[in-house]
Amino acid sequence: MSHDPSAELSGHLERMQRDGYTIVERVIDDRTVAALRDDLRRLERERAVAPAPNLFEGVRTLRIYNLLAHGAIYQQIPVHERILPIIEGVLDKGCLVSSLSSIDIGPGEAAQPLHADDQLIPLPKPHVSIICNTMWALTDFTEANGATRLVPGSHHADRSPQPFGEPARTDAAEMAAGSVLVFDGSIWHGGGANRTDQYRLGVAMNYCAGWLRQQENQQLGIPPDIARTFSPRLRQLVGYGLYKKLIGHVDKCSPEDLLDGGPPRPVVGFTK
Ligand SMILES: O=C(O)CCC(=O)C(=O)O
C-alpha cells in the first residue's frame, strides 16, 4: 500500500481533536533508536544521573534535561518530518520547543500522579491547545514497564486533575521502540508503574505555542556556539525567531541576527 502523508496527518489530527492523543508508528529506525539509547545511557553514566527526590519526577526514574545542549544527535528530534506537522496542526507553525529531556523509568517505579502539562497555566478550561507534547519510545513501551497512561478525551475537561492522586480510567500508550506518542497539553496523563526488571526509556519532546514561555530556557540553556550549528527551522523552534513578526523581537529585529553576530535587519512588516 502506498504511503499518503497528508492522509496520515489528517488521521492524527482527528485523533488529537477527539482523544487528545495519537501514536505515530515506526518514526525512527532501529539504528537511530539504538544510537539515541546508547548516547542517553552514556550521559546517565558520565553525569552520574540519580533519581529526583520527589514522586512527580519519580524516585526510581532517571531524567536528563536540555538535551539539545548535549549532542548533535538530538537535533533530529524537534524537526522530524512526520511529527512536527502534527504539532504545527495542533498549535501553529509558530510553535516552540518547550523542553527536551529523557525519562528512564526504573524497575519498581510507582505510577506518576495523573496531571495535565498545562495545569500551571492560569487559563479557564477547556481552552485552545497551548502545549503539545511527544514521547519517543527508545525501548518498547508496555503496560507492564511503565508506558505513558492517558485519559482519552480529558483534554476537553473543564479542569485539570487534583494534584497528587485522582483515580481515573486510563489507557496505556503501548508502542514499539521507534514510535512516538503525541498528546495535547491538557490531557490527563502520567508515566506508568514499572513492574518489570528493565528500564523504560523515552525522550519527552515538548512544544508550546509561540506566545507562551518555554518550560526550559532555550536561549540561555543552549550555548550560542551550539545554537549556531542548528538548521534555520531548529533555530526558530528554540526561540531565535519571531511569533507573527512581533513577539520575541530585539529592537524590531529578529534574535537570529544577534545569534549570527549581526548586523540586525529590521523585520519587514513589523507592526506594533
Ligand atoms: O514518562 C512518561 O511516560 C510521562 C512523563 C510525564 O508525563 C511527565 O513527567 O510530565
Test Ile73 against the stated conditions and say whether it is surrounded by 19 or more Cβ atoms within 10 Å (Cβ to Cβ), of a type in the set (A, V, I, L, M) and in the same structural domain as Gly146 (by TED's automatic domain parsing). no
Flag for Glu143 being at pLDDT 95 or above and either outside the structural domain of Thr32 (by TED's automatic domain parsing) or touching a Ser or Thr at 6+ places or on another chain (Cβ under 8 Å) (or both): no
Criterion first (within 20 Å of Val24 (Cα to Cα), away from the ligand (no atom under 16 Å from the Cβ) and buried (at least 21 other Cβ atoms within 10 Å of the Cβ)) does Pro85 satisfy it? no
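The values are calculated or read from the model by the stated rules, or taken from the named source; none is laboratory data. Nothing here was measured: the structure is a model prediction, and the numbers come from that model. In this analysis, Cβ positions are derived from the backbone assuming ideal geometry, glycine residues included, and neighbour counts consider all displayed protein chains.
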